[in-house]
Amino acid sequence: MTTPVPLLETQALTMRFGGVTAVSEVDFTLREAELRCLIGPNGAGKSTFFKMLTGQLAPSAGTIMFRGRPVAGASPHEIARLGVGIKTQVPNVFNGLSVRENIWLGARRTHTPLRTAAVVDEVLEKIRLAAQARTLVGQLSHGQRQWVEIGTVIAADPELILLDEPAAGMTHDEVLRTAELIREINQSRALVVVEHDMQFIRMIARTVTVFHQGRVLMEDAVDAVLRDPRVRDVYLGKKVAA
Amino acid sequence: MTGSHLAKLAQAAALAAAIAAVAVMPQEVEIFDLMQYTLFAAMAILALSLGFIWGFGGILSFGQTAFFGLGAYAYAVAAINFGDSTGAVALAVLVPAGFALVLGYFMFYGRISDVYLGVITLTVTLILFNLVNSTAGDEYRIGAAALGGFNGMPSIPGLNAPGNPDYVLDPEELWFVTGGALILVYVLLRLLLASRFGRVAVAIRENETRAALLGYDPRLTKLAVFVVGGGIAGLAGCLYANWGAFVSPTIFSLALSAEIIIWVTVGGLGTLIGPVIGCVLIQYLVAQIGTQQAFNSNLVLGVILIAFVLLLRKGLVPTAQDLGGRLIALLRRRAGRTAESLGALKEAE
């Protein structure tokens, strides 16, 4: 029996900035339609890992395969066209444009003009901003802008969605809604979610990968990971005997 | 009727008014004034080209005169050689657009930052100025056309009816062509901005990273915007050369490059009508100052630029739009309050 080609696979992925190794020989595999959480303290290399996956950084070494196709070092727009969408850590939205225009720009590249209008309305409902469709995104709250960014990403209907701290700066209700939204998306699409909020991780995760100092510390079911003393030590800043 | 319907209706009315103004102008003003307005219209097209690439594409070109001058020279050389202006007009658009394509390719695909983009476009203009300035003498000619160096090229053949070199346009007809071209360029840019391409260009101006992460290629889009701007500036150059039947290297000068930026700043960045208004106002002002000796026009231009940058950063048109919007909101609130108090009165009865 042949093993199916994973949706995403990195081998010995490494990123060095001068003398600092931000990500070191990471092997990471994601199945089709999988939901994976990525945790780790600040500086563990999570965002750098995402930047390599989306072409914002060209890796120093190693490979990235998206459905068996090498994408390491390709331009961001090329990788996006293969079906990788990302919500970045710092909200990356079109602040001077309306909510509707933001979503439209996400939807229009992959859909016909007619379909785009319907997709935009659907997404506006999903992110609960239909009433604010004409508001400039720059005038919204931080949590709402996070949703706008998630909305532009899902409007393009990508195969793989990367979310870097989607619940940061959100109120409790907004966090609940975001978790719900992630589970909804996961019914048909694969996601990788970076998050610090352990409650949030428990709400959505099955498998969790822990990054520490640029390496994968462990990868296991959510309960096993959160019980693991090493993970606790990493977050408390203790030295880990990995 | 919704706000967007009203806005569309107002736009259509403004367009009709502009077309009517171009049509009746020759009956209303003296021929000298008409020629003056022809010059303003040609320059307004140049202002539109920068207003488009800077205001909507986020590309600040300090050397829009490079394309303007190339358009004028391309027209002059081609018209002299062909003896018919039809193909010359096409070349006046295509040569600068092609030059913008090559220059833009190296700038955008070379990942040059915005500041250097300004420096490079400025330098290219200076290089062209020096290049053309040093072509005096009979050995510098393209076909039958002598470039003339610092003396320029006099008696350029005027526009003729398409395909009919014997019918040369008179000043009144040249006004129709130039004013018509201004309206046409404006409408085409409006349509372009409403299209997918235009909306993506604005998105890239807003946030290049986000646009790329959505799958849009920022370099290609910016290059396309730059080429369109180059072609429009070339058309303006062609019309300018026709207005005076003369072109000289000063067309590439820094003074004009700087003046276009002032037009756009004064009129309002991020609008299309702003640069047109800014251009016409300032040119009119400079022409008025030129008729008397009290002030130096460069001094006045400098003061205007400083005043706008310090006091009215958004420029005339966006400021007027803001004020208009506030006035409408205020009137609505007033009307709401009146209705409320009327309702309260009724209840009291």
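What follows draws every value from the coordinates through simple rules; no lab data is involved. Source: prediction; values computed, not measured. Cβ: placed from backbone, ideal geometry, glycine included. Neighbour counts: every protein chain shown.
Using the Cβ-Cβ distance between B:Arg334 and B:Val24 with R0 = 35 Å, the FRET efficiency computed as 1/(1 + (r/R0)^6) comes to roughly 0.35.
Projecting the alpha carbon convex hull of chain A along each direction and taking the average yields 14.2 nm². Each residue of segment B:151-156 was assigned a 3J(HN,Hα) from its phi angle through the Karplus expression (A = 6.51, B = -1.76, C = 1.60, θ = phi - 60°), giving 6, x, 10, x, 6, 6 Hz with x at Gly and Pro. Each of A:Ile127, B:Ile120 has some number of other Cβ atoms within 10 Å of its Cβ, and from fewest to most they run B:Ile120, A:Ile127.
Size descriptors for chain B, from the alpha-carbon set: Rg then Dmax equal 22.8, 97 Å. Applying 1/(1 + (r/R0)^6) with R0 = 56 Å to the Cβ-Cβ distance of B:Glu139 and A:Ala221, what FRET efficiency is obtained, to the nearest 0.05? So the FRET efficiency works out to roughly 0.10. Only Cα sites of segment B:211-251 enter the Debye sum here, all with the same form factor; the resulting log10 I(q)/I(0) across q = 0.34 1/Å is -1.03, listed in q order. For chain B, the longest principal axis of the Cα atoms and the long axis of helix B:316-348 meet at an angle of about 10 degrees.
Using θ = phi - 60° in the Karplus curve 6.51 cos²θ - 1.76 cosθ + 1.60, the 3J(HN,Hα) couplings for segment A:202-210 round to 4, 5, 10, 8, 10, 10, 10, 10, 9 Hz; x is entered for Gly and Pro. Can you give the FRET efficiency for B:Leu312 and B:Phe150, using 1/(1 + (r/R0)^6), R0 = 41 Å, r = Cβ-Cβ distance, to the nearest 0.05? For R0 = 41 Å, the calculated efficiency reads 0.60. Label separation (A:Arg232 vs B:Leu285): 7.2 nm, computed from points 7 Å beyond Cα along the C-beta direction. Of the residues B:Val228, B:Val22, B:Val266, the one that moves most in a GNM of chain B with alpha-carbon contacts below 10 Å is B:Val22. Note on B:Asn298 and B:Leu327: the model spin-label points, each 7 Å out from Cα along the C-beta direction, lie 3.9 nm apart. Each of A:Cys37, B:Cys279 was scored by other Cβ atoms within 10 Å of its Cβ. Listed from fewest to most, they are A:Cys37, B:Cys279. Net charge of the neighbourhood of A:Ala117, taken over other residues with C-beta under 12 Å away and scored Lys/Arg +1, Asp/Glu -1, is +1.
Fewest neighbouring Cβ atoms within 10 Å first, the residues A:Ile161, B:Ile328 line up as B:Ile328, A:Ile161. By the helix-only formula, in which each DSSP H run with n ≥ 4 contributes -39500 (n - 2.57) and the sum is divided by residues, chain B has a 222 nm mean residue ellipticity of -26000 deg cm²/dmol. The count of lysine pairs in the protein assembly as shown whose Cα atoms are under 26 Å apart, excluding pairs fewer than 8 places apart on the same chain, comes to 9. Around the amide H of A:Phe211, modelled in the peptide plane, lie the amide H atoms of A:Ile39, A:Gly40, A:Leu217, all under 5 Å away and 5 or more residues distant in sequence or on another chain. Measure nothing but the geometry: give the 0 to 90° angle between the long axis through the Cα atoms of A:99-108 and the longest principal axis through the Cα atoms of chain A, rounded to 10°. Helix A:99-108 sits at roughly 70 degrees to that axis. Taking the longest Cα principal axis of chain B as reference, the axis of helix B:254-267 is set at about 20 degrees. Shown in residue order for segment B:159-167 are the 3J(HN,Hα) couplings computed by the Karplus curve 6.51 cos²θ - 1.76 cosθ + 1.60 at θ = phi - 60°: 4, 10, 4, x, x, 10, x, 7, 9 Hz (x for Gly and Pro). Backbone N atoms of segment B:1-40 closer than 11 Å to the 7 Å Cα→Cβ label point of B:Lys346 are not found in any residue. Using equal-weight Cα scatterers in the Debye expression, the normalised intensity of the protein assembly as shown in log10 at q = 0.06, 0.10 Å⁻¹ is -0.44, -0.95.
Residue-normalised convex hull volume from the C-alpha trace of segment B:254-349: 134 Å³ per residue. Average 1/r across all pairs of distinct alpha carbons in segment B:6-88, invert it, and you get the Kirkwood radius: 15.7 Å. Comparing Cα centroids, segment B:69-93 and segment B:152-215 end up 16 angstrom apart.
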